[in-house]
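The next block holds one structure in the form of structure tokens; read it before the comments.
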Amino acid sequence: MSAQAQADWKTRFKAWWEGYDLAEVEADKSRRLRERNSERNESQAAAPRALWSPERIQVVEAVWGEGFISPGGEEYIPTLIKPFGLDEKNSVVELNAGLGGITRHMAEATGAWVTGLEDEDVLVKAGMERSIRRQLDKRAPILQYDSENFDFEKRYDAIFAKEAFFRIRDKDKLFHSINAGLKSRGQLLFTDYVLAHSSSTSAPITAWRKGEPGGVWPSTIVEASAQLDRLAMDVRIAEDVTDAHRDLVLEAWSRMTGAPPPAIRDNPRLHELWIAEAELWMRRVAALDTGDLRVYRFFALAAGDAPQ
């Protein structure tokens, strides 16, 4: 990493970490990026880029740990999934399982049969490779699905998702598919980014929306609860876990205040992705700090017979 690049990174991280005006820092960065990109071929600039790649996986695992693409490694999972009370008799599905770190931990820690479903093919391949290495390809496979359009072939004892639903447009279809996939009194547990109210339009919220790869369609807290109520689900937990989530993010990135690991620092492509990943989480934390964006955990039981 060049001295200029390292100084630029430290400036942006310091602004985020110490509460400076991140909007001004980001505006300056955007101006410089526009100047840098002005001579790029127009067709290349317009070409869509995959959200995930083996290189990005290498970067995120350096931050969150092997098998994880977001905060909350194996030490946090038991607390997160405690309401399930899983054992070897249970079948579980994790939606948008990423690399399958939680899927595998649930299977190993509880004995349950856990299937991780993921729609990004790069993550599916890498996640299944990790399950095979742990000899969990039968008990904790990572399989492909379409998160916007899916139906379960059978019913499960539990369905789990971690910060996944805010990326899905059609929430009605999503929750109907989930409810139809649960056994009688089956359990649904998910965490998600939700808006405190529908009129949340502050600058950090706008920056967060624009900066999320693939787009976001968050529900409000009231809307998320109403989705469960309309399906006659018995909501047992609806709690704000923003502080815990934020602490996990800051703890992970504070370990990297100075520079990334040498393998990333010395590889220009990996270093570029590492900075982009850090800035993604800067925007998320800035949005959370407004109070307009929250992280909630919901736990609910399906009705006696899930409506089709």
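Among the strands (runs of 3 or more DSSP E) confined to segment 81-165, the ones with at least 2 residues that are open to solvent by less than 10 Å² (accessible area, probe 1.4 Å) are located at 91-95, 113-118, 156-162.
In segment 113-153, what residues are of a type in the set (Val, Ile, Thr) and touching a Gly at 6+ places or on another chain (Cβ under 8 Å)? Even if it seems obvious, please write down each step before you answer.
Residues of segment 113-153 of a type in the set (Val, Ile, Thr): 114-115, 122, 124, 132, 142.
Across segment 113-153, the qualifying residue is only ILE142.
Among residues of segment 119-141 that are under 15 Å from VAL93 (Cα atoms) and aliphatic (A, V, I, L, M), those with a beta-carbon under 8 Å from a residue that is part of a helix (DSSP H, G or I) and open to solvent by less than 20 Å² (accessible area, probe 1.4 Å) at least six positions away or on a different chain give the pairs LEU136/ARG104; LEU136/ALA107; ALA140/THR103; ALA140/ARG104; ALA140/MET106; ALA140/ALA107; ALA140/SER131.
Results for (1) touching a strand residue (DSSP E or B) at 6+ places or on another chain (Cβ under 9 Å); (2) among the hydrophobic types (A, V, I, L, M, F, W, C); (3) under 24 Å from PHE175 (Cα atoms), shown as yes or no for each residue.
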position: LEU86; (1), (2), (3): yes, yes, yes
position: ASN90; (1), (2), (3): yes, no, yes
position: LEU123; (1), (2), (3): yes, yes, yes
position: MET128; (1), (2), (3): yes, yes, no
position: LEU143; (1), (2), (3): yes, yes, yes
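For ARG294, the stated conditions do not hold, so it cannot be described as touching a residue at least 12 places away in the same chain (Cβ under 8 Å), of a type in the set (D, E, K, R) and either on the phi > 0 side of the Ramachandran plot or open to solvent by less than 40 Å² (accessible area, probe 1.4 Å) (or both). Among the numbered conditions (1) exposed (fewer than 13 other Cβ atoms within 10 Å of the Cβ); (2) assigned to a strand (DSSP E or B), the only one that GLY214 does not meet is (2). Please find, within segment 193-207, the residue that is most open to solvent (accessible area, probe 1.4 Å) out of those that are within 8 Å of LEU293 (Cβ to Cβ) and either in a loop (DSSP other than H, G, I, E, B) or modelled with pLDDT under 95 (or both). Filtering first and then ranking leaves ALA196.
The values are calculated or read from the model by the stated rules, or taken from the named source; none is laboratory data. Remember, it's a predicted structure, so these values are computed and weren't measured experimentally. Methodologically, a virtual Cβ is constructed for each residue, glycine included, from the backbone with ideal geometry; neighbour enumeration extends over all protein chains shown. Heads up: the accessible areas ignore ligands, DNA and RNA and are worked out on the full protein's heavy atoms, side chains in. Shrake-Rupley method; radii C 1.70, N 1.55, O 1.52, S 1.80 Å.
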